Amino acid sequence: MGFRINTNVAALNAKANSDLNAKSLDQSLARLSSGLRINSAADDASGMAIADSLRSQANTLGQAISNGNDALGILQTADKAMDEQLKILDTIKTKATQAAQDGQSAKTRTMLQADINRLMEELDNIANTTSFNGKQLLSGSFTNQEFQIGSSSNQTVKASIGATQSSKIGVTRFETGSQSVNSGVVGLTIKNYNGIEDFKFQDVVISTSVGTGLGALAEEINKNADKTGVRASYDVRTIGAFAIKAGSTSSDFAINGVTIGKVDYKDGDQSGQLVSAINAVKDTTGVQASQDENGRLVLTSADGRGIKITGNIGGGAGIIQKENYGRLSLVKNDGRDINISGTNLSAIGMGAADLISQTSVSLRESKGQIDANTADAMGFNAYGGGGKQIVVGYSSVSKLMSDMGFSKGSGYSVGSGKDMSKYVSDNVVIISALKSGSAAYLISKGSGFSDGSGQSQFALLKTSAGNAAGAASETSGVTTLKGAMAVMDIAETAINNLDQIRADIGSVQNQITSTINNITVTQVNVKSAESQIRDVDFASESANYSKANILAQSGSYAMAQANASQQNVLRLLQ
């Protein structure tokens, strides 16, 4: 080995290795102090790119979790508000049920209606004021709202909350047929009851026998209401056209085939002879007699069978319809039309030529006055079209008077001013078909409709308040028995509507909760993957540090020894 002074190769090698050791020591100390394996792009260029992408995904997923929790907060706020609205609707239905019995007076029913009005105001107040971060939730504007719940754009969950104001919920369909005056066998079918199939009921006989009539049909409809969503009621009443006047029945006077015989009765049936005679056989006929507040004779079928009068009840009784099978009312807890078909539907007043009163009513509309058409569709009137009796098959009021027993010259000619003549003239509309199968109708002179008027004008009998048929507006809500029944139906529909809305947002809540759970696990896994790349393994790095530290020390020693070896040259110079 040569001795050189100008170039100390050993020292240079020691320094070079010491520099490398120092760099390794610095890198190891940086990793141990930061906890990161990658502190700069130079540490691992590709690893840093992957780790940055994973970190971005993890951060985005974290915000998505926050978005999901915000969505849950919104939906839970709406859900709790609707829970309170459901309690209000339960109370409204309870109060309507309380009013739906004739033990209530007009005063107590009015008080119940006032309570219901206040409850509806609070229901609307909840709907109009419930908000989240200034956003209205129950007003109907919260539709197709999106919440980002993924790490990439357009990975969203959509949520909608239906309107819950009283004007938007409880929309109930009411349909009431014309008064039936024909017996027969009826086959009734509800078309597309579930949107796809038809539902055919068992054939029902419409007659005056026990177990028949609209009562039997309503029973058949109601026992299948859980499938069709349609319920039925009936009103089989024959009402006199005027207050009872003195008269007498014939010896062959009978109701539903049961002979009652000759009965003499006074004005107003003061001694109750007529009512008592009819009620004496009510268990056999199924027909009960009474007088209304205006003194008119009212014959009511208890079980929905028809009412057929034979013989002569006497003109003083004011009974115009000798054969009456009543009116059928259908109700469905949504606003959709009740589409029916079948055979012999004219026997239930719902044939092709019959006029069916129909309407859809929301909860709010039960708060104010019920208009004439709505009241008729709800079945307020015993006679099709309104309070006036509509008689088919007569050409004039004079002909009807004659058939009632008021002979010409008796002093009761139409327009004579006599009470019975006046009552019949004011309370009866005569309708007769132009010809068999014709769609047009003839309306008698004085009825308010011109001769030859078409079916469209005839429809005014059931749609115009104050029309010639006498359909009249009714007082609001539960202030009448029929109104209370209708409010019960409407409140039930409203409850179903709110339950459907709550069920929808409950499903979205479950979806969002599942999404949050999923992306929480995904976030954990993404952070774990990033940690594998970016974070330092302290066990491994501490070993590297110890190695670099020892090498740094040994490098210093080696450099010292290399420098010391130069001293050997001095010995040669001594």
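Which of the residues spanning region 256-294 are under 22 Å from residue 424 (Cα atoms) and touching a helix residue (DSSP H, G or I) at 6+ places or on another chain (Cβ under 7 Å)? Steps first, please.
Of region 256-294, the ones under 22 Å from residue 424 (Cα atoms) are 264-270, 274-275, 289-294.
264, 265, 269, 274, 275, 289, 290, 291 - these are the residues of region 256-294 that are under 22 Å from residue 424 (Cα atoms) and touching a helix residue (DSSP H, G or I) at 6+ places or on another chain (Cβ under 7 Å).
Name every residue in region 89-120 that is closer than 27 Å to residue 78 by Cα and touching a Lys or Arg at 6+ places or on another chain (Cβ under 9 Å), in order of residue number.
From region 89-120, those closer than 27 Å to residue 78 by Cα are 89-96, 115-120; that's our starting set.
Once the filter is applied, which keeps residues that are closer than 27 Å to residue 78 by Cα and touching a Lys or Arg at 6+ places or on another chain (Cβ under 9 Å), region 89-120 yields 115, 116, 117, 119, 120.
If we scan region 377-389, do we find a residue that is modelled with pLDDT of 75 or more, under 30 Å from residue 168 (Cβ atoms) and not hydrophobic (A, V, I, L, M, F, W, C)?
Yes, that holds for at least one residue.
Could you please find all residues in region 35-48 being aliphatic (A, V, I, L, M) and either surrounded by 13 or more Cβ atoms within 10 Å (Cβ to Cβ) or closer than 15 Å to residue 24 by Cα (or both)?
As a first pass, look at region 35-48 and keep what is aliphatic (A, V, I, L, M): 36, 38, 41-42, 45, 48.
36, 38, 42, 48 - these are the residues of region 35-48 that are aliphatic (A, V, I, L, M) and either surrounded by 13 or more Cβ atoms within 10 Å (Cβ to Cβ) or closer than 15 Å to residue 24 by Cα (or both).
Quick one: is residue 301 of a type in the set (Ser, Thr, Tyr) and at pLDDT below 95?
Numbers: of a type in the set (Ser, Thr, Tyr): yes; at pLDDT below 95: no.
When the stated conditions are applied, residue 301 does not pass them.
Residue 34: in contact with a helix residue (DSSP H, G or I) (Cβ under 8 Å, 6 or more places away or on another chain), of a type outside the set (A, V, I, L, M), under 25 Å from residue 553 (Cα atoms) and in contact (Cβ under 8 Å) with a residue 40 or more places away in the chain, yes or no?
On the way: in contact with a helix residue (DSSP H, G or I) (Cβ under 8 Å, 6 or more places away or on another chain): no; of a type outside the set (A, V, I, L, M): yes; under 25 Å from residue 553 (Cα atoms): yes; in contact (Cβ under 8 Å) with a residue 40 or more places away in the chain: yes.
So residue 34 fails the test.
Given the residues 153, 183, which is the only one that is over 31 Å from the mean Cα position of the chain (by Cα) and within 30 Å of residue 520 (Cα to Cα)? First the steps, then the outcome.
Working: 183 fails: within 30 Å of residue 520 (Cα to Cα).
After ruling out the rest, the residue left standing is 153.
Being of a type in the set (Asp, Glu) and without any contact (Cβ under 8 Å) to a residue 24 or more places away in the chain is the filter here; which residues of region 282-307 pass it?
Result: 283, 293.
Looking only at region 294-322, which residues are closer than 29 Å to residue 218 by Cα, within 40 Å of the chain's Cα centre (by Cα) and surrounded by fewer than 18 Cβ atoms within 10 Å (Cβ to Cβ)?
298, 302, 303
With the requirement that a residue be of a type in the set (Lys, Arg), in a strand (DSSP E or B) and farther than 19 Å from residue 240 by Cβ, what does region 285-344 give you?
The answer is 332, and nothing else.
State the number of residues belonging to region 284-293 that are over 17 Å from residue 261 (Cα atoms) and surrounded by fewer than 16 Cβ atoms within 10 Å (Cβ to Cβ).
3
Counting only residues that are modelled with pLDDT under 85, farther than 25 Å from residue 520 by Cα, assigned to a helix (DSSP H, G or I) and not aliphatic (A, V, I, L, M), how many does region 15-51 have?
Here the count works out to 13.
What do you reckon, is residue 234 closer than 18 Å to residue 304 by Cα, touching a helix residue (DSSP H, G or I) at 6+ places or on another chain (Cβ under 6 Å) and hydroxyl-bearing (Ser, Thr, Tyr)?
Details: closer than 18 Å to residue 304 by Cα: yes; touching a helix residue (DSSP H, G or I) at 6+ places or on another chain (Cβ under 6 Å): yes; hydroxyl-bearing (Ser, Thr, Tyr): yes.
Criteria met by residue 234.
Looking for whichever is closer than 30 Å to residue 479 by Cβ, in contact (Cβ under 8 Å) with a residue 40 or more places away in the chain, under 60 Å from the mean Cα position of the chain (by Cα) and assigned to a helix (DSSP H, G or I) here; the options are 54, 75, 61, 86. Which one fits?
Values: 54 fails: closer than 30 Å to residue 479 by Cβ; 75 fails: closer than 30 Å to residue 479 by Cβ; 61 fails: closer than 30 Å to residue 479 by Cβ.
Just one listed residue meets the conditions, 86.
Under 7 Å between Cβ atoms, at least 6 apart or on separate chains: pull out the pairs that start in region 358-383 with a residue that is in contact (Cβ under 8 Å) with a residue 60 or more places away in the chain and end on any residue that is among the β-branched types (Val, Ile, Thr) and in a helix (DSSP H, G or I).
From residues that are in contact (Cβ under 8 Å) with a residue 60 or more places away in the chain, the pairs are 359/374; 361/374; 361/490; 363/490; 366/487; 366/490; 373/463.
Does residue 281 qualify as being surrounded by 15 or more Cβ atoms within 10 Å (Cβ to Cβ), within 46 Å of the chain's Cα centre (by Cα) and not acidic (Asp, Glu)?
Spelling it out, residue 281 is indeed surrounded by 15 or more Cβ atoms within 10 Å (Cβ to Cβ), within 46 Å of the chain's Cα centre (by Cα) and not acidic (Asp, Glu).
So residue 101 fits all but one of (1) farther than 30 Å from residue 161 by Cβ; (2) in a helix (DSSP H, G or I); (3) in contact with a Leu (Cβ under 9 Å, 6 or more places away or on another chain); what number is the exception?
(2)
If I ask for residues that are over 23 Å from residue 345 (Cβ atoms), touching a residue at least 24 places away in the same chain (Cβ under 8 Å), not aliphatic (A, V, I, L, M) and not in a strand (DSSP E or B), which ones from region 214-255 would you list?
To start, the set of residues in region 214-255 that are over 23 Å from residue 345 (Cβ atoms) comprises 226, 239-255.
Checking the rest, the ones that are also touching a residue at least 24 places away in the same chain (Cβ under 8 Å) come to 239-255.
Checking which are not aliphatic (A, V, I, L, M) leaves us with 240, 242, 245, 247-253.
Once the filter is applied, which keeps residues that are over 23 Å from residue 345 (Cβ atoms), touching a residue at least 24 places away in the same chain (Cβ under 8 Å), not aliphatic (A, V, I, L, M) and not in a strand (DSSP E or B), region 214-255 yields 245, 249, 250, 251, 252, 253.
Out of 529, 562, 558, 543, which single residue is closer than 17 Å to residue 26 by Cα and in a helix (DSSP H, G or I)?
Criteria check complete, one pass: 543.
The values are calculated or read from the model by the stated rules, or taken from the named source; none is laboratory data. No experiment lies behind these values; they were computed from the predicted model shown. Positions of Cβ are generated from backbone atoms using ideal geometry, with glycine treated the same way; all protein chains shown enter the neighbour counts.
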